[in-house]
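Have a look at the structure below, then the notes.
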Amino acid sequence: MKTRTLDQIKNDYYGQVGTPERDRLERELEALRIGFKIRCAREKKEMTQAELASRIDKKRTFISKIENDGENITLKTLYEVVERGLGGKLKIEVIV
């Protein structure tokens, strides 16, 4: 059995980086990573979703949605969650 990397598998199924389908996949994966990072930060602070939601005047279900699918979160909301809710700093990197 030949071992393949994740990038090789993504190339086969979604095309090379830069193609529309592959770019869509990468954006979706990045949204999942954002939600996962928020969840990890919240758990590290031993906070519940309800506690985090209360700090930013949102509902617990809103935090759950962000953690499970961060795709449609605005930058304003992301800053609120990270900085006001979690007491952290948000760093955004643009790569061209």
#### Entry: Which numbered condition Leu90 fails, given (1) open to solvent by less than 70 Å² (accessible area, probe 1.4 Å); (2) in a helix (DSSP H, G or I)
(2)
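Report whether or not Ile34 is surrounded by 14 or more Cβ atoms within 10 Å (Cβ to Cβ) and either in a helix (DSSP H, G or I) or in contact with a Cys (Cβ under 6 Å, 6 or more places away or on another chain) (or both). Explain how you work it out, then say what you get.
On the way: surrounded by 14 or more Cβ atoms within 10 Å (Cβ to Cβ): yes; either in a helix (DSSP H, G or I) or in contact with a Cys (Cβ under 6 Å, 6 or more places away or on another chain) (or both): yes.
Yes; evaluated as a whole, the condition is true for this residue.
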### Query
Which of the residues that make up the stretch 7-31 are within 25 Å of Ile73 (Cβ to Cβ) and open to solvent by 90 Å² or more (accessible area, probe 1.4 Å)?
Val17, Pro20, Arg27
### Query
Between residues in the stretch 43-64 that are among the β-branched types (Val, Ile, Thr) and residues that are surrounded by fewer than 17 Cβ atoms within 10 Å (Cβ to Cβ), which pairs lie under 6 Å by C-beta distance while being six or more apart or on different chains?
Ile56/Arg84
### Task
Would you please name the residue that is farthest from the chain's Cα centre (by Cα), looking only at residues in the stretch 37-67 that are open to solvent by 90 Å² or more (accessible area, probe 1.4 Å) and closer than 26 Å to Val94 by Cβ?
Lys65
### Query
Restricting attention to the stretch 43-61, does a residue exist that is in a helix (DSSP H, G or I) and within 28 Å of Lys10 (Cα to Cα)?
no
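The values are calculated or read from the model by the stated rules, or taken from the named source; none is laboratory data. No experiment lies behind these values; they were computed from the predicted model shown. Don't worry about glycine lacking a Cβ; one is built from the backbone with ideal geometry, like all the others, and counts go over all protein chains shown. The protein model used for the area step is the full one, side chains on, heavy atoms only, and it has no ligands, DNA or RNA in it. Shrake-Rupley method; radii C 1.70, N 1.55, O 1.52, S 1.80 Å.
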